[in-house]
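Each remark here refers to the structure printed beneath this line.
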Amino acid sequence: MPILQENSFEFISRSPEQTKRIGARLGSQLNKGDVICLFGELGAGKTTFVQGLVQGWGSSDMVTSPTFVLINQCRRPDGGEIHHLDAYRLRDEEEAEVLDLDGLIDQGILLVEWPERIEKALPDENLLIEMYWIADEQRRMVFLPHGQRGVSLAEKLRQEIYREPV
Ligand SMILES: Nc1ncnc2c1ncn2[C@@H]1O[C@H](COP(=O)(O)OP(=O)(O)OP(=O)(O)O)[C@@H](O)[C@H]1O
Ligand SMILES: [Mg+2]
């Protein structure tokens with residue numbers, strides 16, 4: 001895992017299952033207020049990652065691509081909530097205003113696919129994950145933390161992957 005810039009790292013996933021397992025490792029760390037941004041082309045694996053993340057966080061809710069509903073909600077028995085936003089169809093931040101993202105972040109965890117569409121509406125503290133297609137079953141994942149919380153999430157995930165490969 002080469003270091004690209006301080007606190008960032010990358011990982012090559014070799015299957016959708018492996019991407020889900022990494023998602024699950026991250027999901028198990030997440031708390032209310034955390035924001036995870038997922039950047040990558042159509043079919044890069046963003047939703048696949050979210051499926052693992054939601055499971056690892058402790059919810060058995062099904063994750064589908066929210067492209068047509070914009071936001072999907074997942075719940076945990078203890079009342080925790082994840083809001084999963086697909087911003088693909090949003091043109092700009094103004095269109096995101098009605099979604100009240102700050103309110104959603106107060107309530108739970110926010111996951112955003114296509115974050116570049118609404119960059120200005122997102123908080124500075126987040127963990128950005130970029131996914132790039134390499135081959136049919138291979139994806140390059142780059143973890144780029146922003147702010148203190150982003151750094152601590154990324155660092156913990158990196159150490160865990162070193163300690164116990166996914
Ligand atoms: N290593 C891998 N990691 C993730 N997905 C993979 C991998 N290898 C193959 N795939 C496949 O690539 C597809 C990824 O689709 P997914 O819906 O997760 O992409 P997405 O980035 O959310 O796309 P969209 O922008 O359309 O929402 C799935 O069919 C998945 O099985
Ligand atoms: Mg998707």
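List of remarks:
- Computed over the chain: relative contact order in percent, which uses C-alpha pairs under 8 Å that are six or more apart: 29
- Dipole of region 16-166 computed with +1 at Lys/Arg Cβ and -1 at Asp/Glu Cβ about the Cα centre; of Gln51, Gly108, Ala121, farthest Cα towards the positive end is Gln51.
- Once exposed loop trypsin sites (Lys or Arg not before Pro) are cut out (DSSP; at most 14 other Cβ, 10 Å), longest piece of the chain: 92-166
- Each Lys and Arg adds +1 at its Cβ and each Asp and Glu adds -1 at its Cβ; summed about the Cα centre, the chain shows a dipole of about 720 debye.
- In Hz, Karplus ³J(HN,Hα) per residue of region 70-79 (6.51, -1.76, 1.60; θ = phi - 60°; x = Gly, Pro): 6, 10, 10, 10, 10, 10, 10, x, 7, x
- Degrees, to the nearest 10: 16-27 long Cα axis against longest axis of the chain: 70
- Ordering Thr48, Thr19 from the fewest to the most neighbouring beta carbons within 10 Å gives Thr48, Thr19.
- Contour minus Cα-Cα distance for Glu164 and Gln148 (0.36 nm per residue): 3.3 nm
- Exposure proxy order (Cβ contacts within 10 Å, fewest to most) of Tyr162, Tyr132: Tyr162, Tyr132
- Computed label-point distance, nm, for sites Arg75 and Glu97 using a 7 Å Cα→Cβ extension: 3.1
- Within the chain, helix-based [θ] at 222 nm, where runs of 4 or more DSSP H residues each add -39,500 (n - 2.57), nearest 500: -9500 deg cm²/dmol
- Ranked Ile82, Ile12, Ile118, Ile71, criterion: other C-beta atoms within 10 Å, fewest first: Ile12, Ile71, Ile118, Ile82
- Semi-axes of the equivalent ellipsoid of the chain are 23, 17, 16 Å, computed as sqrt(5λ) over the eigenvalues of the C-alpha gyration tensor in descending order.
- Among beta bridges that DSSP assigns inside region 9-163, antiparallel share in %, nearest 5: 60
- A Förster radius of 22 Å, combined with the Cβ-Cβ distance separating Lys156 from Lys32, puts the computed FRET efficiency at roughly 0.85.
FYI, it's all coordinate maths here, none of it is from the lab. This is a predicted model, so every value here is computed, not measured. No Cβ is skipped: glycine too gets one built from the backbone with ideal geometry, and neighbour counts run over all protein chains shown.
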